[in-house]
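Input: a single structure, listed below in structure tokens.
The values are calculated or read from the model by the stated rules, or taken from the named source; none is laboratory data. As the structure is a prediction and not an experimental result, all values here were calculated from the model. Every residue, glycine as well, gets a Cβ built from its backbone with ideal geometry; the counts of neighbours run over all protein chains shown. Quick note on the areas: whole protein, heavy atoms, side chains included, nothing else; ligands and nucleic acids left out. Shrake-Rupley method; radii C 1.70, N 1.55, O 1.52, S 1.80 Å.
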Amino acid sequence: MPGERDWMASYQNSGLYKDIDIVEYHNASKLLWKNSMFDSYIGYRAPSNFRSQYINTTKEGFRKTAQYQKGLKESKTVVFFGGSTMWGSGATDENTIPSHFAKYINEEYSEVDFFVKNYGLGGFQNSQEMFLFLRTVGFEKMNYAIFYDFVNEAGMGLSDYRVETRQLPASQKSLEKIRREIEDVHNKHNIELI
């Protein structure tokens, strides 16, 4: 069919997946997203406690992140937000950006344990991530929040252009309200937004 991508050839040609069973990874990914759950606040999320050889989720439905703490008294929590790149599409749990960051930061800083969480979800855009951030910040310990965006936003813009439709931009008043809420969260919880 025109416009369809040969996922198997893409995975094989990339050279990134030589150490995994591509078909098993792809089937696990399909099963995971087939069982995604509706979330009235952010749209959807991955199923809780999903288990496979390559992709696993937490009880909250977020991607498992490899942890490298040293058992120290002082600890900080870093939470990553983003779309499929942050989620780790095509990567094992140990090879997502947050997992690599967890290893690096815990090796680099010997006096503090860093607990790293991956709140990226495939297809997410920055507005969904902001809603997720605002919902979780009051309930979870979070010292740093890192956002990686604009692949999906650019794709949606291109998609809108192709079908010759335009969404009305959020009003300046709405954007200002979101900005104030984020500043309030930053000030109240002393969280660094990166």
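Tabulated values for the structure
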read-out: Amide H within-cut-off set for residue 123, under 5 Å, with H built and near neighbours excluded; value: 84
read-out: Rounded accessible area of residue 31 (nearest 10 Å², 1.4 Å probe); value: 90 Å²
read-out: Between the range 39-55 and the range 5-38, the Cα center-to-center distance that results, in Å; value: 16 Å
read-out: Whichever lysines have a C-alpha closer than 26 Å to that of residue 141, once near sequence neighbours (fewer than 8 apart) are set aside; value: 59, 64, 70, 73, 76, 103, 117, 177, 188
read-out: Under Karplus coefficients 6.51, -1.76 and 1.60, residue-wise ³J(HN,Hα) of the range 26-32 in Hz, glycine/proline x; value: 4, 5, 5, 5, 4, 5, 4
read-out: Förster radius 30 Å - calculated FRET efficiency between residue 8 and residue 41 (Cβ-Cβ, nearest 0.05); value: 0.25
read-out: Whole-percent carbon and sulfur share, accessible surface of the range 1-141, 1.4 Å; value: 52 percent
read-out: Phi-based couplings in Hz for the range 80-96 (Karplus 6.51, -1.76, 1.60; Gly and Pro marked x); value: 9, 10, x, x, 5, 5, 5, 4, x, 4, x, 10, 6, 3, 6, 10, 7
read-out: Ranking by accessible area, most exposed first, for 51, 45, 135, 63 with a 1.4 Å probe; value: 51, 135, 45, 63
read-out: Amide H within-cut-off set for residue 39, under 5 Å, with H built and near neighbours excluded; value: 44, 45
read-out: For residue 75, residues with placed amide H under 5 Å, excluding near neighbours; value: 113
